[in-house]
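First the structure, in the form of structure tokens, and then the observations on it.
Bear in mind that the values in this text are calculations on the coordinates, not laboratory data. These numbers come from a predicted model, not from an experiment. Every residue, glycine as well, gets a Cβ built from its backbone with ideal geometry; the counts of neighbours run over all protein chains shown.
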Amino acid sequence: MKPCIFNMSWFSGEKKEKWFYDDIRGFCCGLEIRKVLYSKKSKFQKIQILQSKSWGRVLTLDTTIQTTERDEFIYHEMISHVPLFLHPNPKNVLIIGGGDGGVLREVLKHKIKKAVLVEIDGDVIKASKKYLGKIHCNSFYDKRAEVITGDGIDFVTKYKNAFDVIIIDSTDPVGAAEGLFTDKFYKNTISALRQDGFLVTQSGAIFAQWEEFSKTLKKMKKFFEYVSPYLTVVPIYPSSFWSFTIASKNFDFKKQPMLRIEKKYNMLKKKLKFYSPKIHQGAFAMPQFIVENMGK
């Protein structure tokens, strides 16, 4: 995709607005931008934080929208709370990616012992700390959080039987994130997980990124006994209909009693904006066109 911000005249008059366009495979999403708050080309990517007209502050990496203040809670709650409520007693959580701090914020709402965040691009963390306070909510400074600038692919190779939940909050499987979707990486996460542990990853937009979604599902099934996609809607993402894929070595998460999830949810001191036990249950209900094509 070509450079992302350009002027666009709506009418024949003098007024011109700046827009950021994020397109993928013929589908385009545009945000009206008031100001560029931060822009830097790091070692890995171009980082921008934009002030939009109606979606709050926006984090973009290269030419792709990562999150907005307006709808970020949907993605961050769904990738975090589904595995954390399924796990009987999560204590140690690893987050790979997630440099904006949103997943870390949600993980720390649980009574965990430690959350380790490993982000390859330290400039994303620095920019997020300064400009995205409404998203990270000071989670970087929680005493239970350990924030590491480094490669998550290498990081997991150093641990055995260490984490209850591993959350992959990555960009699309290209560039620096490509290694997070490989057979080698999934083998290493199996070793880093405890026996009753869960791995969850974002797996792309159902309509705009079907190939990425189906490949992720197939690869994870090669290494984990129990694997399932679950779905939500994130308005700012390509075609909105978004997928996550969760996996476990030994724990059939579909048999987890809803009463147990409801009990844990009701005990959570900080209430959530999107996730609920009913949303949790419904997220695993696959539309028929997905069921029919998951094996293809």
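Can you give the angle from 0 to 90° between the axis of helix 183-192 and the longest principal axis of the chain, with both taken from C-alpha atoms, to the nearest 10?
Once rounded, the angle reads 50 degrees.
For the chain, with the dipole built from +1 on Lys and Arg beta-carbon atoms and -1 on Asp and Glu ones, taken about the Cα centre, which of LEU193, ALA115, PHE155 lies farthest toward the positive end?
Towards the positive end, the residue furthest out is ALA115.
Divide by every residue of the chain the summed helix terms, -39500 (n - 2.57) for each DSSP H run of at least 4, and state the resulting mean residue ellipticity at 222 nm, rounded to the nearest 500 deg cm²/dmol. Please report the intermediate quantities before stating the final value.
Working: 10 runs with 84 residues, N = 296.
Value at 222 nm, helices only: -8000 deg cm²/dmol.
Against the longest alpha carbon principal axis of the chain, how many degrees, from 0 to 90 and to the nearest 10, is the axis of helix 210-221 turned?
Roughly 20 degrees between the two axes.
Under 16 Å Cα to Cα from LYS41, which lysines show up? Leave out anything in the same chain fewer than 8 places away.
Within the straight-line cut-off, LYS41 pairs with LYS2, LYS126.
Mind checking which of GLY56, GLY197, GLY98 has the largest fluctuation in a GNM of the chain, springs on alpha carbons under 10 Å?
GLY56
Express the relative contact order of the chain as a whole percentage, based on alpha carbon pairs under 8 Å and six or more residues apart in sequence.
Numbers: 594 pairs, mean separation 43.4, N = 296.
Once normalised by length, the contact order is 15 percent.
Give me the dipole magnitude in Debye, nearest 20, for the chain about the Cα centre, with unit charges on the beta carbon: positive for Lys and Arg, negative for Asp and Glu.
Using Cβ point charges on Lys, Arg, Asp and Glu, the chain gives about 920 debye.
Can you count the Lys pairs in the stretch 246-290 with C-alpha separation below 27 Å, eight or more apart or on different chains?
Value for the stretch 246-290: 24.
Could you order the peptides 273-280, 99-106 from most to least packed, using the average number of other C-beta atoms within 10 Å per residue?
99-106, 273-280
Report the antiparallel proportion of the DSSP beta bridges in the chain as a percent, rounded to a multiple of 5.
About 70 percent, rounded to the nearest 5.
Hey, if you put +1 on the Cβ of every Lys and Arg and -1 on every Asp and Glu Cβ in the chain, which of PHE223, SER52, PRO90 ends up farthest toward the positive end of that dipole?
The listed residue farthest towards the positive side: PRO90.
Given H placed 1.01 Å from N in the peptide plane, which residues other than close sequence neighbours of GLN66 have an amide H under 5 Å from its amide H?
The answer is LEU59, THR60, LEU61.
From the square roots a ≥ b ≥ c of the eigenvalues of the alpha-carbon gyration tensor of the stretch 107-169, which class results: rounded (a/c under 1.5), prolate (a/b over b/c), or oblate?
oblate
Using a/c under 1.5 as the rounded threshold, could you call the stretch 190-296 rounded, prolate or oblate? The axes a ≥ b ≥ c are square roots of the C-alpha gyration tensor eigenvalues, and prolate needs a/b larger than b/c, oblate otherwise. Let's see the in-between values first.
On the way: a/c = 1.85, a/b = 1.18, b/c = 1.58.
Note, shape of the stretch 190-296 comes out oblate.
Quick one: grab the alpha carbon gyration tensor of the stretch 22-130, order the square roots of its eigenvalues as a ≥ b ≥ c, and give me rounded if a/c is under 1.5, else prolate or oblate depending on whether a/b is larger than b/c.
Note, shape of the stretch 22-130 comes out prolate.
Quick one: helix 122-131 against the long Cα principal axis of the chain, what's the angle to the nearest 10°, folded into 0 to 90?
70
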